[in-house]
Amino acid sequence: MLHSLASAPRRGSPPPEAPSEERGRTALGSPDPAGLDDTTLLAALLRGRVGRPAEVAEALLDRFGALGDVFWANRTDLARLDLAGGDLVVDLAVLRELAVRFARAAVSARPVLGSSSALQAYARAAMAHRPREQFRVLFLDHRNRLLADEMTAEGTVDHAPVYPREVMRRALEVSASALILIHNHPSGDPSPSQADIEMTRRVIDAARALGLSVHDHLVVGREGTASFRALGLM
């Protein structure tokens, strides 16, 4: 009798949820979200924002390929799927910015060169899944603490124009003593190209003329991060 009463729906209670929706509810209240797969975790975020969150999560991952690519999807690409409303676009943008700021805070809290793992984590969070090539410069003081983090160029899927003179002008404006260069490869492969190597040499030469140091150049892709210094390219 107890079993029958426990399994029977109560009068006036909502109908049972579909298994996928129940997984979303479980995910939302899970004490350890880190143990969830990407689809279930994304479904938990979507719950209450879209109907059938598990199905939408699967469709988003099928379309964009990876969780990071979903978070960097633009409004136009999301609208083409006709799966999610405008609120989702805003939610993804907010979460994206939170992740970037959290990673940047870890870099800002200590001398940048003293935590290469934090620096690479920030570079990946900020740039690994961007659909266009972007060039950023971290301007450091004489103790290698972060003075400014600025995007200096944004281009196409395989090129971002970099002007060493403009980089040096900004370095002098913020009274920087050293620089770290970062750019992304939307193709996913972080291997430096010959054009990357030549551009880096021009920036290093311009910095040396002003008594500034270029500590490293990181190239970020979905497949990892490449360091010019670790590769012996500078």
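The values are calculated or read from the model by the stated rules, or taken from the named source; none is laboratory data. Note that the coordinates shown come from a computational prediction; the quantities given were computed from them, not determined experimentally. Please note: Cβ atoms are built from the backbone with ideal geometry, for glycine as well, and neighbour counts cover all protein chains shown. For accessibility, only protein heavy atoms count, side chains too; no ligands or nucleic acids. Shrake-Rupley method; radii C 1.70, N 1.55, O 1.52, S 1.80 Å.
Out of VAL100, VAL107, VAL137, VAL94, I need the residue that is open to solvent by 60 Å² or more (accessible area, probe 1.4 Å) and either within 21 Å of THR200 (Cβ to Cβ) or in a helix (DSSP H, G or I) (or both). Which one? So that I can check it myself, show each step before the final result.
Working: VAL100 fails: open to solvent by 60 Å² or more (accessible area, probe 1.4 Å); VAL107 fails: open to solvent by 60 Å² or more (accessible area, probe 1.4 Å); VAL137 fails: open to solvent by 60 Å² or more (accessible area, probe 1.4 Å).
Result: VAL94 is the single residue among VAL100, VAL107, VAL137, VAL94 that is open to solvent by 60 Å² or more (accessible area, probe 1.4 Å) and either within 21 Å of THR200 (Cβ to Cβ) or in a helix (DSSP H, G or I) (or both).
Among the candidates ARG75, ARG63, ARG25, single out the residue that is under 30 Å from MET151 (Cβ atoms) and either at pLDDT below 75 or open to solvent by less than 40 Å² (accessible area, probe 1.4 Å) (or both).
When all the criteria are applied, what remains is ARG75.
Please find, within region 140-150, the residue that is most open to solvent (accessible area, probe 1.4 Å) out of those that are free of Cβ contacts under 8 Å to residues at least 60 places away in the same chain and not charged (D, E, K, R).
Only one residue fits best here, namely HIS142.
Sort out which residues of region 207-224 are open to solvent by less than 30 Å² (accessible area, probe 1.4 Å) and either more than 16 Å from LEU119 (Cα to Cα) or basic (Lys, Arg) (or both), and write them in order of number. Spell out the reasoning first.
So the first thing to find is which residues in region 207-224 are open to solvent by less than 30 Å² (accessible area, probe 1.4 Å), and the list is 207, 212, 214, 216-221, 224.
Scanning region 207-224 gives ALA207, LEU212.
List the number of the failed condition for GLU55; all other conditions in (1) modelled with pLDDT under 80; (2) in a helix (DSSP H, G or I); (3) more than 19 Å from the chain's Cα centre (by Cα); (4) among the charged types (D, E, K, R) hold.
Status for GLU55: all satisfied but (1).
Any idea which residue in region 151-183 is surrounded by the most Cβ atoms within 10 Å (Cβ to Cβ), counting only those that are under 21 Å from GLY221 (Cβ atoms) and of a type outside the set (A, V, I, L, M)?
It comes out as HIS183.
Within region 28-37, take every residue that is of a type outside the set (A, V, I, L, M, F, W, C) and either in a helix (DSSP H, G or I) or closer than 15 Å to PHE71 by Cβ (or both) and give me the one that is modelled with the lowest pLDDT.
The selected residue is PRO33.
Within region 45-54, can you find the residues that are closer than 15 Å to LEU92 by Cβ and either open to solvent by less than 10 Å² (accessible area, probe 1.4 Å) or hydroxyl-bearing (Ser, Thr, Tyr) (or both)?
LEU46, PRO53
With the requirement that a residue be closer than 14 Å to VAL219 by Cβ and of a type outside the set (Gly, Ala, Ser), what does region 107-136 give you?
Across region 107-136, the qualifying residues are LEU119, GLN120, ARG124, MET127, ARG130, GLU133, GLN134, PHE135, ARG136.
Identify, please: which residue in region 58-70 is within 15 Å of the chain's Cα centre (by Cα) and touching a residue at least 24 places away in the same chain (Cβ under 8 Å) and is, among those, nearest to THR40 (Cα to Cα)?
LEU67
Is one or more of the residues making up region 3-15 modelled with pLDDT under 70, surrounded by 16 or more Cβ atoms within 10 Å (Cβ to Cβ) and among the charged types (D, E, K, R)?
For region 3-15, residues modelled with pLDDT under 70, surrounded by 16 or more Cβ atoms within 10 Å (Cβ to Cβ) and among the charged types (D, E, K, R): absent.
Name, by its number, the condition in (1) assigned to a strand (DSSP E or B); (2) open to solvent by less than 80 Å² (accessible area, probe 1.4 Å) that does not hold for PRO186.
(1) is the only condition that PRO186 fails.
Within region 189-229, work out how many residues are closer than 24 Å to SER177 by Cβ, among the basic types (Lys, Arg) and part of a loop (DSSP other than H, G, I, E, B).
Total satisfying the criteria: 1.
Residue check: is THR40 modelled with pLDDT under 75 and β-branched (Val, Ile, Thr)? Spell out how you get there, then give the answer.
On the way: modelled with pLDDT under 75: no; β-branched (Val, Ile, Thr): yes.
Against the criterion (modelled with pLDDT under 75 and β-branched (Val, Ile, Thr)), THR40 does not qualify.
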